[in-house]
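Beneath this line is the structure, given in structure tokens, with notes to follow.
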Amino acid sequence: MFFILLVSANLLANTILQLSFIETETPLSVFSFMLVSLAITCVLVWIALHLKKLLNRFPQTISAIVGCDLLITLTGAFAIAFSSAGSSNDQLTQGIAVLFAIWTFAVWGYVLHHALNISVLQGISLSMAMVFVSRLTAGYLTSSLI
């Protein structure tokens, strides 16, 4: 039940934040993109844990990733709202978004470092690859579906 609430809150927060930056997309298309991206991330984490024969760590790992992403998203949204007009073209807003993306990579990398028994640098590299693959694939899948 906790995981369902966590995923729901994460999807809602990310959808609202993305809608504030992407004015040309519909709420349904942004939500579907976020949902597919999260599903692909879950699959990639499952594969990584399966390859290391550590599948028993999947619930904790994915809960940590989703929970941390929710906290980072909410913190980033508040930082953007209080620091500027919140325009997606504003350099300050873009700078804050980049800083929070780097923070996301670092936190996810730290979680993967512990879950997979790899170095922090390997965890950060893996987190960057997972985000890249999940977002690229989700963009391809959702644009072809909508």
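Determine if segment 62-79 includes at least one residue that is in contact with a helix residue (DSSP H, G or I) (Cβ under 9 Å, 6 or more places away or on another chain), surrounded by fewer than 19 Cβ atoms within 10 Å (Cβ to Cβ) and not in a helix (DSSP H, G or I).
No, because not a single residue in segment 62-79 is in contact with a helix residue (DSSP H, G or I) (Cβ under 9 Å, 6 or more places away or on another chain), surrounded by fewer than 19 Cβ atoms within 10 Å (Cβ to Cβ) and not in a helix (DSSP H, G or I).
Go through the residues of segment 64-79 one by one and say whether even a single one is free of Cβ contacts under 8 Å to residues at least 60 places away in the same chain, hydrophobic (A, V, I, L, M, F, W, C) and over 23 Å from ALA39 (Cβ atoms).
Yes: one or more hits.
Could you pull out the residue among LEU6, LEU19, LEU44 that is hydrophobic (A, V, I, L, M, F, W, C), in a helix (DSSP H, G or I) and without any contact (Cβ under 8 Å) to a residue 60 or more places away in the chain?
Answer to the selection: LEU19.
Out of the residues in segment 122-137 meeting the condition of being of a type in the set (Ser, Thr, Tyr) and without any contact (Cβ under 8 Å) to a residue 24 or more places away in the chain, tell me which one is surrounded by the most Cβ atoms within 10 Å (Cβ to Cβ).
Filtering segment 122-137 for residues that are of a type in the set (Ser, Thr, Tyr) and without any contact (Cβ under 8 Å) to a residue 24 or more places away in the chain, the one surrounded by the most Cβ atoms within 10 Å (Cβ to Cβ) comes out as SER127.
Does ASN10 satisfy being buried (at least 17 other Cβ atoms within 10 Å of the Cβ) and either at pLDDT 90 or above or farther than 30 Å from ASN117 by Cβ (or both)?
Considered against the rule, which asks whether it is buried (at least 17 other Cβ atoms within 10 Å of the Cβ) and either at pLDDT 90 or above or farther than 30 Å from ASN117 by Cβ (or both), ASN10 comes out as yes.
Just need a number here: residues in segment 93-121 that are part of a helix (DSSP H, G or I), surrounded by 14 or more Cβ atoms within 10 Å (Cβ to Cβ) and more than 15 Å from the chain's Cα centre (by Cα).
So the answer is 7.
Conditions tested, residue by residue: (1) in contact with a Lys or Arg (Cβ under 9 Å, 6 or more places away or on another chain); (2) modelled with pLDDT of 80 or more; (3) aromatic (Phe, Trp, Tyr).
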{"position": "VAL66", "(1), (2), (3)": "no, yes, no"}
{"position": "LEU70", "(1), (2), (3)": "no, yes, no"}
{"position": "THR73", "(1), (2), (3)": "no, yes, no"}
{"position": "GLY76", "(1), (2), (3)": "no, yes, no"}
{"position": "PHE82", "(1), (2), (3)": "no, no, yes"}
{"position": "SER88", "(1), (2), (3)": "no, no, no"}
{"position": "ILE96", "(1), (2), (3)": "no, yes, no"}
{"position": "THR104", "(1), (2), (3)": "no, yes, no"}
{"position": "TRP108", "(1), (2), (3)": "no, yes, yes"}
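Hey, could you check segment 22-33 for residues that are touching a residue at least 40 places away in the same chain (Cβ under 8 Å) and under 17 Å from LEU136 (Cβ atoms) and say which is surrounded by the fewest Cβ atoms within 10 Å (Cβ to Cβ)?
Applying the filter and picking the extreme gives ILE22.
Test ALA39 against the stated conditions and say whether it is part of a helix (DSSP H, G or I), under 18 Å from the mean Cα position of the chain (by Cα), buried (at least 17 other Cβ atoms within 10 Å of the Cβ) and modelled with pLDDT of 90 or more.
no
The values are calculated or read from the model by the stated rules, or taken from the named source; none is laboratory data. Since the structure is predicted, the reported quantities are computational estimates derived from the model, not experimental observations. Here Cβ is always computed from backbone atoms with ideal geometry, including for glycine, and neighbour counts include all displayed protein chains.
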